[in-house]
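Engineer: Have a look at this one before I ask anything.
The values are calculated or read from the model by the stated rules, or taken from the named source; none is laboratory data. Just so you know, these numbers come straight off a predicted model, no measurement behind them. When we count neighbours, we look across all protein chains shown, and the Cβ atoms used for this are built from the backbone with ideal geometry, even at glycine.
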Amino acid sequence: MSEVPASEATAGAITVVYDEDCGVCGATVEWIRRRDARGTFRFVGNQSGLPEGVTAGETQETVVVLTAREHLVRARAVSRILRELGFGWRVLGWLMRVPGVSWLADFGYRQFAKRRHLVSARLGLAVCKVRPAASSR
């Protein structure tokens with residue numbers, strides 16, 4: 001897997017690295033794109049070349065947000081995304097940084113991340129681009 005240089009991954013944009021095999025993750029990327037009026041975000045799926053400093057293992061556990069100065073994961077990453085979207089989303093993003101609230105948000109994120117493929121399937125979202133081969137009987 002090739003790597004994207006850090007300077008390219010973060011220059012003038014916020015890079016969001018997400019799990020391409022997660023239906024909810026893909027739907028969330030589309031949700032963000034529709035609200036990104038300023039073109040702030042650059043999206044990189046974890047099956048593509050990963051930016052420098054991001055591991056494949058990390059992307060199986062969390063969304064990663066990269067800026068020129070930050071490497072954010074879990075609720076801190078979500079908070080940063082929301083703060084960039086403006087309107088009421090900005091307020092929610094700032095609230096997620098409040099001590100106590102940030103701990104709960106991280107806990108909730110970790111619990112959801114463990115079940116994201118199951119949630120995707122139950123919502124009827126594509127879970128995985130590569131389906132396992134049918135078992136022979």
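Engineer: Determine, yes or no, whether Val17 is of a type in the set (A, V, I, L, M, F, W, C), at pLDDT 95 or above and buried (at least 19 other Cβ atoms within 10 Å of the Cβ).
Structural biologist: For Val17, the condition - of a type in the set (A, V, I, L, M, F, W, C), at pLDDT 95 or above and buried (at least 19 other Cβ atoms within 10 Å of the Cβ) - is met.
Engineer: Also: Would you confirm, using the coordinates I've provided, whether Trp31 is at pLDDT 90 or above and over 15 Å from the mean Cα position of the chain (by Cα)?
Structural biologist: Working: at pLDDT 90 or above: yes; over 15 Å from the mean Cα position of the chain (by Cα): no.
No; evaluated as a whole, the condition is false for this residue.
Engineer: Restricting to segment 97-111, name every residue that is exposed (fewer than 12 other Cβ atoms within 10 Å of the Cβ) and assigned to a helix (DSSP H, G or I).
Structural biologist: Trp103, Gln111
Engineer: Within segment 50-61, is even one residue surrounded by fewer than 19 Cβ atoms within 10 Å (Cβ to Cβ), in contact with a strand residue (DSSP E or B) (Cβ under 9 Å, 6 or more places away or on another chain), within 27 Å of Arg122 (Cβ to Cβ) and acidic (Asp, Glu)?
Structural biologist: Yes, segment 50-61 contains at least one residue that is surrounded by fewer than 19 Cβ atoms within 10 Å (Cβ to Cβ), in contact with a strand residue (DSSP E or B) (Cβ under 9 Å, 6 or more places away or on another chain), within 27 Å of Arg122 (Cβ to Cβ) and acidic (Asp, Glu).
Engineer: From (1) farther than 18 Å from Val63 by Cβ; (2) modelled with pLDDT of 95 or more; (3) surrounded by 12 or more Cβ atoms within 10 Å (Cβ to Cβ); (4) not β-branched (Val, Ile, Thr), pick out the condition that doesn't hold for Ala121.
Structural biologist: Ala121 satisfies all of (1) farther than 18 Å from Val63 by Cβ; (2) modelled with pLDDT of 95 or more; (3) surrounded by 12 or more Cβ atoms within 10 Å (Cβ to Cβ); (4) not β-branched (Val, Ile, Thr) except (2).
Engineer: When you check Thr40 against the structure, is it in contact with a Lys or Arg (Cβ under 8 Å, 6 or more places away or on another chain), under 17 Å from Gly93 (Cα atoms) and among the polar types (S, T, N, Q), yes or no?
Structural biologist: On the way: in contact with a Lys or Arg (Cβ under 8 Å, 6 or more places away or on another chain): no; under 17 Å from Gly93 (Cα atoms): yes; among the polar types (S, T, N, Q): yes.
No.
Engineer: A further question follows. Here's a check for you: in segment 34-80, which residue that is more than 29 Å from Pro99 (Cα to Cα) and of a type in the set (Lys, Arg) is modelled with the lowest pLDDT? Explain how you work it out, then say what you get.
Structural biologist: So in segment 34-80, the residues more than 29 Å from Pro99 (Cα to Cα) come out as 34, 37-39, 44-52, 56.
Filter once more, keeping what is of a type in the set (Lys, Arg): 34, 38.
On the way: Arg34: 95, Arg38: 92.
Per the stated criteria, the residue is Arg38.
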